[in-house]
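Trainee: Below is a structure I'd like to ask you about.
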Amino acid sequence: MLKVDFSYIYIVFIVIFSFFIYNYIKLLSYKVKKFFYHLILIRSIVIIILVTLIINPSITFSSVSNKTFDLVIDNSKSMKKHSQNIINNIKEIKDWGQKNKINFNFYIFGNSLRKIFDLDEIDFSDSYTNFSDFVNEYKSNNEVILFSDGLNNHGLTDIDYKNLNSVNIIGYGNQMVSDLDISIEILDTVIYNDSIKVNVLVKKNIENIRVNGSIHLNNNFYKNYSLNDYNLEENSYQEITFTLPINKIDRFNAIYITNNYFESNYLNNSLELFIPANKFSSKKLLLISGSISNNTSYIKKIIKNNLYDYNIDHIYRLNNNLWNKSMNDFNFEDYSLLVFDDFPIYNDDKSIINNFEINNQKIIYFLGPNNYSRNYILDFCNCDYKNIDNLVVNKFGNEYFYKGNYYILPSSEVNHIIQCNNDANISYDNGNTFISKHKNIILFLIPNLKENSYQIDDTSLMLEDLILSVIDNEVYSNNRIFEIFVDTYSVNINTPLDVKIKLYNNKNINDLFLNIYKDNQLYMQFNDLEKKSVDFFSKEIVFYKSGEYVMQAGIKLDNNNIKSNFINIKVNKIDREISVDGINMDFLSVISNNTEGVFYKSINLDEFLENIEISKVNTVNYTKFDLNNLSYLLIVIIILLSLDWYIRNKVGLV
């Protein structure tokens with residue numbers, strides 16, 4: 001509809017200009033016969049434009065449109081059993097809309113919210129249902145008709161409904177299911193010199209469901225370590241305090257809860273415990289030297305200069321059973337890393353070995369050339385040693401390839417053979433220098449460094465570089481550069497797993513990626529990791545097939561590819577979308593009540609449609625044309641006046 005504002009002053013202008021036009025036509029009729037009508041037309045157009053510019057009328061357009069509803073369909077797999085019923089309901093609603101002159105837009109949601117233009121796109125294949133994503137991503141001002149069973153098993157349960165107008169819900173399902181949510185949060189953390197005390201709160205949101213489970217810890221020392229049990233059978237919450245030795249706490253720690261119930265939200269089942277660097281007590285390292293040699297000072301130099309995040313205690317033998325400190329003053333359980341330099345080499349030393357063999361500590365052995373025949377360490381590391389009659393001459397410049405680099409190692413004449421039945425990926429022997437790994441034990445057989453000194457160019461990697469690289473990868477699992485963490489090592493299919501990546505040195509780091517392996521083959525690779533902070537990344541992963549998986553992250557550091565630690569993940573063949581059959585009426589009622597909509601089950605469709613307001617809404621668009629700002633009209637006037645002058649000159653009026 002077109003509407004022009006009218007004022008009586010406009011009539012005055014029109015009368016005045018009409019008078020001028022009339023006199024101009026009367027005067028022109030006496031003097032011109034040829035081009036008479038052309039001149040009249042040109043002058044009339046000029047005057048009409050001038051009158052319009054002076055009046056500058058306000059022109060308003062108004063339009064009336066039918067009401068529009070957005071039909072939003074839960075496209076998750078739990079809705080598939082109701083697919084035919086849903087399609088029939090949609091057709092009935094479309095017929096109802098046609099009778100009442102109502103338009104519809106169509107959306108589906110589950111993994112994400114997206115608009116569709118064909119009902120064939122509704123296939124009920126989404127792996128989970130994320131209501132919080134639907135609410136946050138929905139940008140329309142239309143009212144909503146929602147088709148869902150209310151099973152909200154991903155995303156947040158604390159949803160802000162301010163983005164929505166009225167949400168009218170059609171619910172599907174027969175058996176009632178609860179909107180159970182169990183969460184854990186940290187209340188307090190106290191760091192002492194030798195321990196850390198953590199106070200957490202475990203709570204549930206539904207009183208009449210009896211829930212119990214356990215609390216676990218994951219870090220570089222513990223994998224799925226059980227801290228405590230919780231019991232919410234009588235109460236809705238429980239405060240739990242536990243204490244851990246500081247040498248078993250890393251800078252990054254994940255604490256999580258487990259239970260045997262299906263929850264509506266798993267994202268609050270874990271918390272992250274960061275220990276600030278300025279409050280973090282260094283881990284402890286114990287170095288035991290069974291004999292003092294040139295190699296002892298070399299080993300100690302490597303440890304002090306490179307294992308900088310350890311407090312180091314050193315015990316060394318003075319003579320036979322005489323030590324610089326009493327062995328009874330030390331408890332091996334207090335140490336995260338044990339380093340043995342030519343120890344044990346006597347029968348009496350074997351009793352000490354038995355003390356730490358049970359405790360599963362990480363151990364590094366350095367065995368010098370003078371003690372190969374004393375094979376207590378070799379036996380313990382599953383290695384065989386035997387003498388041979390003839391000397392074996394090893395040429396200088398032997399190279400060992402490890403983790404993408406070549407290392408030049410010293411060599412000399414030897415009269416023995418050593419063979420270890422361990423990890424073939426980290427095993428090397430040039431007759432004089434030997435590296436092997438057995439469980440948590442790394443064994444270095446090193447030459448007499450003084451006798452076998454050698455000079456190479458500064459760019460080459462030597463024995464010391466190799467030792468540090470092995471320690472960095474096999475002891476630290478590369479976590480001095482970066483490390484990956486997960487809250488749990490066992491998940492269900494179609495259940496998101498939050499993978500966290502912590503950088504300990506972010507200098508020149510780029511191209512961060514995450515690899516997933518299955519059956520020793522690359523299964524998936526992710527490059528779109530979410531940056532949480534300058535040194536912290538995360539990636540949410542959903543597994544669609546059960547089985548055993550391995551995760552490993554990688555980065556490019558100074559043009560070199562570096563891999564992180566491995567994490568083994570077990571994916572169980574349990575799918576909440578399929579295993580839970582029912583309708584969460586409480587959750588759907590909360591949505592409709594918070595948005596002033598209506599909620600009915602699908603069997604009451606007629607009653608549902610009767611209760612939806614379908615009054616038409618007039619959409620009025622106001623547009624005022626400010627002709628004074630239209631410069632092209634002035635150009636038109638100039639052109640017309642120029643043409644008028646040309647014609648008048650041609651007929652002799654100028």
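The values are calculated or read from the model by the stated rules, or taken from the named source; none is laboratory data. Just so you know, these numbers come straight off a predicted model, no measurement behind them. Using ideal geometry, Cβ is built from the backbone for each residue, glycine included, and neighbour counts are taken over all protein chains shown.
Trainee: Considering only region 532-552, how many residues are over 17 Å from PHE485 (Cβ atoms) and surrounded by 12 or more Cβ atoms within 10 Å (Cβ to Cβ)?
Mentor: Step one: of region 532-552, the residues over 17 Å from PHE485 (Cβ atoms) are 534, 542-548.
After this cut, where a residue has to be surrounded by 12 or more Cβ atoms within 10 Å (Cβ to Cβ) as well, the list is 542-543, 546-547.
The total comes to 4.
Trainee: Please verify whether region 51-60 includes one or more residues that are at pLDDT below 75 and closer than 28 Å to ASN141 by Cα.
Mentor: yes
Trainee: Being among the polar types (S, T, N, Q), under 29 Å from GLN98 (Cα atoms) and at pLDDT below 80 is true for just one of SER564, SER615, SER579, SER589. Which residue is that?
Mentor: None of the others qualify; the one that does is SER615.
Trainee: So, in region 576-599, of the ones that are surrounded by fewer than 19 Cβ atoms within 10 Å (Cβ to Cβ) and outside any helix (DSSP H, G or I), which residue ends up farthest from the chain's Cα centre (by Cα)?
Mentor: Checking each candidate, the answer is GLU596.
Trainee: State whether the residues of region 165-177 include one that is over 21 Å from ASN492 (Cβ atoms), surrounded by 15 or more Cβ atoms within 10 Å (Cβ to Cβ), without any contact (Cβ under 8 Å) to a residue 60 or more places away in the chain and among the aromatic types (Phe, Trp, Tyr).
Mentor: From region 165-177, those over 21 Å from ASN492 (Cβ atoms) are 165-172, 174, 176; that's our starting set.
Retained after the next criterion (residues that are surrounded by 15 or more Cβ atoms within 10 Å (Cβ to Cβ)): 165-172.
Narrowing the set further to residues that are without any contact (Cβ under 8 Å) to a residue 60 or more places away in the chain leaves none.
No, because not a single residue in region 165-177 is over 21 Å from ASN492 (Cβ atoms), surrounded by 15 or more Cβ atoms within 10 Å (Cβ to Cβ), without any contact (Cβ under 8 Å) to a residue 60 or more places away in the chain and among the aromatic types (Phe, Trp, Tyr).
Trainee: Just a yes or no: is a residue in region 173-180 part of a strand (DSSP E or B) and over 29 Å from the mean Cα position of the chain (by Cα)?
Mentor: Yes: region 173-180 contains one or more residues that are part of a strand (DSSP E or B) and over 29 Å from the mean Cα position of the chain (by Cα).
Trainee: Take the residues in region 209-253 that are surrounded by fewer than 17 Cβ atoms within 10 Å (Cβ to Cβ) and touching a residue at least 60 places away in the same chain (Cβ under 8 Å), then tell me which one is farthest from LEU285 (Cα to Cα).
Mentor: Per the stated criteria, the residue is ASN224.
Trainee: Is it the case, given these coordinates, that LYS81 is in contact (Cβ under 8 Å) with a residue 24 or more places away in the chain and either at positive phi or in contact with a Pro (Cβ under 7 Å, 6 or more places away or on another chain) (or both)? Give the derivation first.
Mentor: Working: in contact (Cβ under 8 Å) with a residue 24 or more places away in the chain: yes; either at positive phi or in contact with a Pro (Cβ under 7 Å, 6 or more places away or on another chain) (or both): no.
No.
Trainee: Separate question: State whether one or more residues within region 95-105 are basic (Lys, Arg) and surrounded by fewer than 13 Cβ atoms within 10 Å (Cβ to Cβ). Before the answer, list the steps.
Mentor: First, the residues of region 95-105 that are basic (Lys, Arg): 99, 101.
With surrounded by fewer than 13 Cβ atoms within 10 Å (Cβ to Cβ) added as a condition, the list becomes 99, 101.
Checked against the condition, which is being basic (Lys, Arg) and surrounded by fewer than 13 Cβ atoms within 10 Å (Cβ to Cβ), region 95-105 yields at least one hit.
Trainee: Using the structure shown, decide if TYR192 is among the aromatic types (Phe, Trp, Tyr), over 25 Å from LYS502 (Cβ atoms) and not assigned by TED's automatic domain parsing to the domain that holds TYR335.
Mentor: Numbers: among the aromatic types (Phe, Trp, Tyr): yes; over 25 Å from LYS502 (Cβ atoms): no; not assigned by TED's automatic domain parsing to the domain that holds TYR335: yes.
No: the conditions fail for TYR192.
Trainee: Which pairs have Cβ atoms under 6 Å, sit 6 or more apart or on different chains, and link a residue in region 480-497 that is farther than 30 Å from SER469 by Cα to one that is assigned to a loop (DSSP other than H, G, I, E, B) and among the small types (Gly, Ala, Ser)?
Mentor: ILE493/SER546; ASN494/SER127
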